[in-house]
Amino acid sequence: MKKINTYTNFLKFRALLVLTPLFLLASTFFSQAQNYIFNNITSDDGLPSTSVTDVTQDIYGFIYLGTWDGVYRFDGKDYEKIFYQQGRYVEADDKGGVWIEVQNGNLFFYDSNLDTLISYMNVDPNRRFIQVLLGMDGEVFAATSKGIMKLDSASNNFVLEPGQDDGEVLELNIGEDGRINFILIPAGSEEQKIGKRHPDGKFSYEEFPLDENTPNKPSFSDSYTTIIFPYGKSGTVLFNSNGIASRESDKDAWTFKKVSDPEILQEKVSEIDASYLLLENELWLNQINAISTINLETGESTTIQSGTNIQKELLPTASNHGSRLFLDGQGVLWIPKFAYGISLLNTYQSDFGLLRDEQGKVIPDILSSYELSDGSFWAGQRISNEKGLIHFASDRKTILHRIGGFFGNFTPGGKTTGTVLSHPFAWAITQTEDSTLWVGTGSPGYENGGLNRIDPKTGLITRYKNDPEDSTSLSNNWISGIYKDPQDKLWLNLSNGIDFFDPESETFTSIVKGNKDVYYRAALIDSKGNFLIQKDYAQSSWLLIDTDSKAIVKNGNFFNKDLGYITAMPILDSQGRIWIASVDGFGYFDENYDGLKVWKTYEEFGFPDLEIRAFSFDDQGNLYLASSEGIIQYHPESGKTVRFGSERGLQSNLFETKQNNRGPSGRIYFSGNGGMNVFDPKEIKTNPYPPKIIIRGITLDGKSYQTFLDSTDRKPNHTFSSLTIPPGITTLSINFASIHLGGSGKNNTQYRLLNFDDNWQDAGGNGNAVFTNLPAGDYILELKSSNLDGIWSIEPFQLSIKVLPPWYQTWWAYVLYFSLFVILSYAFIKEQSRRAAKKERDKVRDRELAQAKEIEKAYSELKSTQAQLIQSEKMASLGELTAGIAHEIQNPLNFVNNFSEVSEELVDEMNEELEKGEIEEAKFIGKDLKENLSKINHHGKRADAIVKGMLEHSRANKGEKVLTDLNALADEFVRLSYHGLRAKDKSFNADFKLELDPDLPKVNMVAPDIGRVILNLVNNAFYAVNEKAKSGSDNQIDEGYQPEVTVKTTVIKSPSGDLGVELSVKDNGNGIPDSVKKKIFQPFFTTKPTGSGTGLGLSLSYDIVKAHGGELKVESMEGLGCKFIVQFLLIA
């Protein structure tokens, strides 16, 4: 059965749209690669069962292995058995579930999100195994003996799809548009048909074509086994043991092709459960002891045979049990090999061209190489019993020629010729412009080695060795390097110095000669023709020789620092940079030799234990380092590095320094004891898929996180997106796996805990992130991983972590603390307040006692002052009253005095007349005298009445209310006021009018108090009109102004209908401003000049009227005058 996974569907179909498919790579993989490196998983690696028949991968990255003894889940480190029956075939969906195909027509569904199994029993008891196929929209199809069944989501049962022919269905394969091709064996017939389920759910059928790949042309389905695939947008491909048939659409004719290597189809490649996988246009076949691919368009085939190296070569298998191939989400092809294990092939694997001999064995211990202009190359091997100078074709596989050499002292000194080299160990190779090949050989021992000149036309070898009798011969036989200068002359690096060789004259010249203390090692000839030579490995002493003049142009330390032991022979790259490496780091200088331009320590480079043994470069500016960590691609400008380790098919991680690491074609040649890698940098591919990260375990203080959860909250570790850590936990440990089996599976992983430490930390090989004593708070754990090519996760895996505080740091604890604080503060404040209050009360009591005494004293003084003020006011009123009274009494007294004087004169006249005897005249005078006495009596009685009235008022001032004639009271006090003012101020001149209601009833009142009120009001009125008169006279504002005060009494009715009396005092003075009106009844408020009033007159008047139950109001218009109104209600 065809193995397709919805996880792979994404890669297969979606990736086609972005032109970076795994399958496009797979379609060219075998055409490009020569050396296929497999990473194998066997029982020695912990594989729990070698009877693996199927592989799948879920959305989390888990690998599921279907075996004869159950289903195992692999997280990159450990295996967990999740199903214990024969779950041979597995199919993962895109939701975290896995379908398990079990014997006897049963299916199981494992949900990794819940760690639960659901059984679907007796789906088809007539089938041993039911093939499950997942549709493009998540549908679940099953190939059964009754037809195609589909999982009904409503009933959760498999039901037969309508509209299809009766019969058994085999080989479900899905196309990129969702169409499904299959083989139908109609009921009651053995003749197979081509079936198709269209994306709209309709079915169609047709006969198989005749197989034109065979002479007798039987039906294509007659050949066992026949496979059918949807191909492209609407095409179909048929495949059997005879070849291929294909068509672009259902309307096109079939095209037939035979396979280029028909023998690969003669093996039994499949049974009913076919071990094949279609990726783009390449059909992959899992065979006995092999794996093959067939290009469906060309028929070209490639086969990889199993090998004996179970670490790097394809595992064998001796069984024909159908073991399905699977391509995972990281571009790794899983190849189950029944009874042996699983071989893994990275489909993004680059061919690092490990050289092999004619039998396919790796050629070890290669010392030198040189690429010719046609792309072929020579390689020199350190081996004594074979022809170790090997000429390879440009395909890196075909050996064109081999040349051997003498071992030991088999050639004499000086110049000789022959067909073999002077020594089998070829340490250096170069070619001059005439195509002559030059080979330097040697080994320890004075006589071992020599320079070899190979004629490109005849193959004849001219050998040059040291001749003690010839000073122009080679100085030393062991040649470790040959350098060609711009004049096409040779410079030889010998074990004891440097020789110059002129191929035309065939003479050698010793340029520098070493000894036991000084060792010269040639480095390179630069673009200016200067020969750079290191004087001693361990010293920073260098020579620069002009190859034209052969003179030393520079000597000493060219780098301004001691580089230490030089580990790699310097090279000159295409940008004029000379790269050099030591035990401490690497960098470059330029051809001016005036110091290093760049130097990086290995710690700065990110590989602290690195040792670089050789350099090379490509046309894109990348540097290649053959090192103890493998081959590292380094871009100096960006700093980007990609590491290629031994799992990529490198000879080993132990390289040797040598010449000619780069050929004219751009190929790179790195070698070591394990062989030589020859690769083109342009053909290097990197796997673009980072590893999948899975949470394997979570522990809190050594206990599983699950034990801290309620049963309803427990779920598999890999499904957690957030963690809640209870208080009191000191150690949080999170174990995770990084799944990418493109290399060794040991992927680099890093982690960081945001809000705690933003720096990335290496997780090490165990994949553990451990945190101790995390403060309460919210954190985010980020995990990232890189594959073997250094491709890191685009987005880090994130896990939210909430560390709960201990109860005493929770919000409710803080609320409690705050509440207690408030309560204690309240109690403290209350107690302090009580104490303060008591203390204050004591102080207040003492203060109050003192204040009481002060108040009592002040009150006494105030009462005295008030009495004095009132007395003063009374005295002021009395003064004005006295003046009026005096004036009132003065008038009758004046009459009395005047009439008394006149009466005296009349008495004298009367006496005279009597003396004269004028009796009549005397009578007449007596009559006048009588009238005068009458008038004296009248005015005396008037004065008496005034005095009696004053006495009455004095007697009535005891506060007793009596019925009083308000008219008389008003008349009396108006006159007293008027005359009093006239008496004080002779210039005072004002009129007053009395408009007294004759029918005014008497009012019950204290007459002296009301009299004082009338006097105050009238005095104020006269003062106001007098002031206006004065201001008018001064300013000549109103010359016709006549001061006038009107006193009026009248009977009134209250709003409730009660009778009352009203007395008003109106003047035509300046009036009272509105701003003053509200203040005139306040004590001590006065508008008169200082010393002219006490400010108590109106206040006392107001109090007196209020004490009588009356009202005292004021009406005023500024500039026109003022009217005071006193109202009393009459009490029946």
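Do we find that residue 594 is closer than 25 Å to residue 628 by Cα and in a loop (DSSP other than H, G, I, E, B) in this structure?
Working: closer than 25 Å to residue 628 by Cα: no; in a loop (DSSP other than H, G, I, E, B): yes.
Taking the combined requirement at face value, the residue does not satisfy it.
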Restricting the first residue to the range 427-441 and requiring it to be under 13 Å from residue 658 (Cβ atoms), which pairs with a second residue that is charged (D, E, K, R) meet a Cβ separation below 6 Å and a spacing of at least six or different chains? 430/484
All positions within the range 209-233 that are of a type in the set (S, T, N, Q) and outside any loop (DSSP other than H, G, I, E, B): 219, 221
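When you check residue 226 against the structure, is it assigned by TED's automatic domain parsing to the domain that holds residue 296 and either farther than 22 Å from residue 264 by Cβ or surrounded by fewer than 20 Cβ atoms within 10 Å (Cβ to Cβ) (or both), yes or no? Explain how you work it out, then say what you get.
Values: assigned by TED's automatic domain parsing to the domain that holds residue 296: yes; either farther than 22 Å from residue 264 by Cβ or surrounded by fewer than 20 Cβ atoms within 10 Å (Cβ to Cβ) (or both): no.
So residue 226 does not fit the description; no.
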Of the residues in the range 517-530 that are surrounded by 16 or more Cβ atoms within 10 Å (Cβ to Cβ) and modelled with pLDDT of 90 or more, the one that is farthest from residue 613 (Cα to Cα) is 530
Among the strands (runs of 3 or more DSSP E) lying completely within the range 47-144, list those that include at least 2 residues that are closer than 24 Å to residue 286 by Cβ. 52-57, 63-67, 70-74, 79-83, 87-92, 97-102, 131-134, 140-144
Report the residue count in the range 531-556 for those that are in a loop (DSSP other than H, G, I, E, B), at pLDDT 90 or above and at negative phi. 4
Flag if residue 914 is modelled with pLDDT of 80 or more and surrounded by 13 or more Cβ atoms within 10 Å (Cβ to Cβ): yes
Number of the exception - residue 294 against (1) under 30 Å from residue 738 (Cβ atoms); (2) in contact (Cβ under 8 Å) with a residue 24 or more places away in the chain; (3) not polar (S, T, N, Q): (1)
Residue selected from the range 295-318 under the condition among the aliphatic types (A, V, I, L, M) and under 22 Å from residue 258 (Cβ atoms), by the criterion surrounded by the fewest Cβ atoms within 10 Å (Cβ to Cβ): 304
Test: residue in the range 375-387 that is at pLDDT 95 or above and not small (Gly, Ala, Ser): yes
Suppose we keep only residues that are of a type in the set (Ser, Thr, Tyr) and under 47 Å from the mean Cα position of the chain (by Cα) within the range 644-695. Which one would you say is farthest from residue 523 (Cα to Cα)? 689
Condition first: touching a residue at least 12 places away in the same chain (Cβ under 8 Å) and in a loop (DSSP other than H, G, I, E, B). Now tell me which residues in the range 769-802 satisfy that. 773, 774, 775, 776, 787, 788, 789, 790, 791, 793, 794, 796
Among the residues in the range 772-779, are any within 30 Å of residue 687 (Cα to Cα), modelled with pLDDT of 85 or more, surrounded by 15 or more Cβ atoms within 10 Å (Cβ to Cβ) and in the same structural domain as residue 728 (by TED's automatic domain parsing)? no
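Condition check ((1) outside any loop (DSSP other than H, G, I, E, B); (2) assigned by TED's automatic domain parsing to the domain that holds residue 990; (3) modelled with pLDDT of 80 or more; (4) among the basic types (Lys, Arg)) across all residues:
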| residue | (1), (2), (3), (4) |
| --- | --- |
| 1019 | yes, yes, yes, no |
| 1041 | no, yes, yes, no |
| 1046 | yes, yes, yes, no |
| 1095 | no, yes, no, no |
Just to verify a result, which residue in the range 546-570, among those that are within 46 Å of the chain's Cα centre (by Cα) and in contact (Cβ under 8 Å) with a residue 60 or more places away in the chain, is surrounded by the fewest Cβ atoms within 10 Å (Cβ to Cβ)? 567
Against the condition within 45 Å of the chain's Cα centre (by Cα) and either surrounded by fewer than 22 Cβ atoms within 10 Å (Cβ to Cβ) or assigned to a strand (DSSP E or B) (or both), how does residue 383 come out, does it pass? no
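Please determine whether any residue of the range 666-688 is among the polar types (S, T, N, Q) and free of Cβ contacts under 8 Å to residues at least 40 places away in the same chain. Outline the logic, then answer.
Step one: filter the range 666-688 for residues among the polar types (S, T, N, Q), giving 671, 673, 677, 686-687.
Retained after the next criterion (residues that are free of Cβ contacts under 8 Å to residues at least 40 places away in the same chain): none.
No: the range 666-688 contains no residue that is among the polar types (S, T, N, Q) and free of Cβ contacts under 8 Å to residues at least 40 places away in the same chain.
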Residue set 253, 245; condition in contact with a Leu (Cβ under 6 Å, 6 or more places away or on another chain) and modelled with pLDDT of 90 or more; output residue 245
Filter result for residue 737 (under 30 Å from residue 116 (Cα atoms), assigned to a strand (DSSP E or B) and either assigned by TED's automatic domain parsing to the domain that holds residue 60 or out of contact with any Leu (no Cβ under 8 Å at 6 or more places or on another chain) (or both)): yes
Quick count over the range 976-1017, residues being surrounded by fewer than 17 Cβ atoms within 10 Å (Cβ to Cβ) and at pLDDT 85 or above, is 10
In this structure, does residue 802 turn out to be within 60 Å of the chain's Cα centre (by Cα), charged (D, E, K, R) and at pLDDT 80 or above? yes
Could you tell me which residue of the range 433-479 is surrounded by the fewest Cβ atoms within 10 Å (Cβ to Cβ), considering only residues that are outside any loop (DSSP other than H, G, I, E, B) and of a type in the set (D, E, K, R)? 453
In the range 406-426, which residues are in contact with a Ser or Thr (Cβ under 8 Å, 6 or more places away or on another chain) and either touching a residue at least 60 places away in the same chain (Cβ under 8 Å) or farther than 16 Å from residue 482 by Cβ (or both)? 406, 407, 411, 413, 414, 415, 416, 417, 418, 424
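Would you mind listing the strands (runs of 3 or more DSSP E) fully within the range 624-680 where at least 1 residues are among the β-branched types (Val, Ile, Thr) and crowded, with 19+ Cβ neighbours inside 10 Å? Steps first, please.
Values: elements: 630-634, 641-644, 668-672, 675-679.
Hits in the range 624-680: 630-634, 668-672, 675-679.
The values are calculated or read from the model by the stated rules, or taken from the named source; none is laboratory data. Just so it is clear, the structure is predicted and the values come from calculations on it, not from any experiment. Virtual Cβ from ideal backbone geometry, glycine too; neighbours counted across all protein chains shown.
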